[in-house]
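Visitor: Have a look at the structure that comes next, please.
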Amino acid sequence: MSHSPVSHSILRAADLGERIATDRVVLDYEDRFLRRKMLTSVGGTEFLVDLPETLSLNHDDCFVIGDTLIAVEAAEEALIEVRGHDLVRLAWHIGNRHTPCQIMSDRLLIRQDKVMADMLAKLGAQVSEITAPFRPEGGAYGMGRTHGHDHSHVHVHVGHGHSHDHEDEGDEPL
């Protein structure tokens, strides 16, 4: 009985130095947030990811299996391309809703969401559906990922040492 190789760690793209991955695994945005999962690389290697904690992986980060590196590639997925005269304002509205966003000089990309697309169009954005790899900005405070906002939980804000209980608040206006 053969056992699949196991990756207990990752190497961030910024820390690769001269090291080069010999294979890659293609994962969408949701699948790049993991702790323990069986994966199959493009080259056919089946391996177990067994990390000490759940991590958000970025395009070009690598799974470490002994001396072998398997790179993470952002998969193409259904996105909304956002263009407009005031991208900073549009990005603020996207961020205010805790929606992951890929920011470029001439456009923004978010995952397909009809409500967000309608809101952005009402704000004057030109929105279109595209398929592309999604590489959003990481979260604040080095956490690596932002999450959807839900008023039935408690926020703990790093840096000012207290919580904000939002259970009694109404929905945020659009």
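The values are calculated or read from the model by the stated rules, or taken from the named source; none is laboratory data. These numbers come from a predicted model, not from an experiment. Backbone-built Cβ (ideal geometry, glycine too); neighbour counts: all protein chains shown. Ligands, DNA and RNA are excluded from the accessible area calculation, which covers all protein heavy atoms including side chains. Shrake-Rupley method; radii C 1.70, N 1.55, O 1.52, S 1.80 Å.
Visitor: I need every pair where a residue in region 111-137 that is free of Cβ contacts under 8 Å to residues at least 24 places away in the same chain has its Cβ under 7 Å from the Cβ of a residue that is in a strand (DSSP E or B) and open to solvent by 40 Å² or more (accessible area, probe 1.4 Å), sequence separation at least 6 or different chains.
Guide: From region 111-137, the pairs are ALA121/VAL127.
Visitor: From the set of residues in region 44-87 that are among the charged types (D, E, K, R) and open to solvent by less than 30 Å² (accessible area, probe 1.4 Å), which is farthest from ASP106 (Cα to Cα)?
Guide: The qualifying residue farthest from ASP106 (Cα to Cα) is ASP61.
Visitor: Follow-up. Kindly establish whether ARG97 is touching a residue at least 60 places away in the same chain (Cβ under 8 Å) and over 27 Å from THR40 (Cβ atoms).
Guide: Against the criterion (touching a residue at least 60 places away in the same chain (Cβ under 8 Å) and over 27 Å from THR40 (Cβ atoms)), ARG97 qualifies.
Visitor: Here are the criteria: (1) modelled with pLDDT of 95 or more; (2) outside any helix (DSSP H, G or I); (3) not hydrophobic (A, V, I, L, M, F, W, C). Tell me which single one ASP118 does not satisfy.
Guide: Status for ASP118: all satisfied but (2).
Visitor: With in contact (Cβ under 8 Å) with a residue 60 or more places away in the chain and among the β-branched types (Val, Ile, Thr) as the only criterion, which of THR22, THR68 stands out?
Guide: THR68
Visitor: Still on this model: Answer yes if at least one residue in region 157-174 is modelled with pLDDT of 95 or more and closer than 24 Å to ARG12 by Cβ, and no otherwise.
Guide: Among the residues of region 157-174, not one is modelled with pLDDT of 95 or more and closer than 24 Å to ARG12 by Cβ, which makes the answer no.
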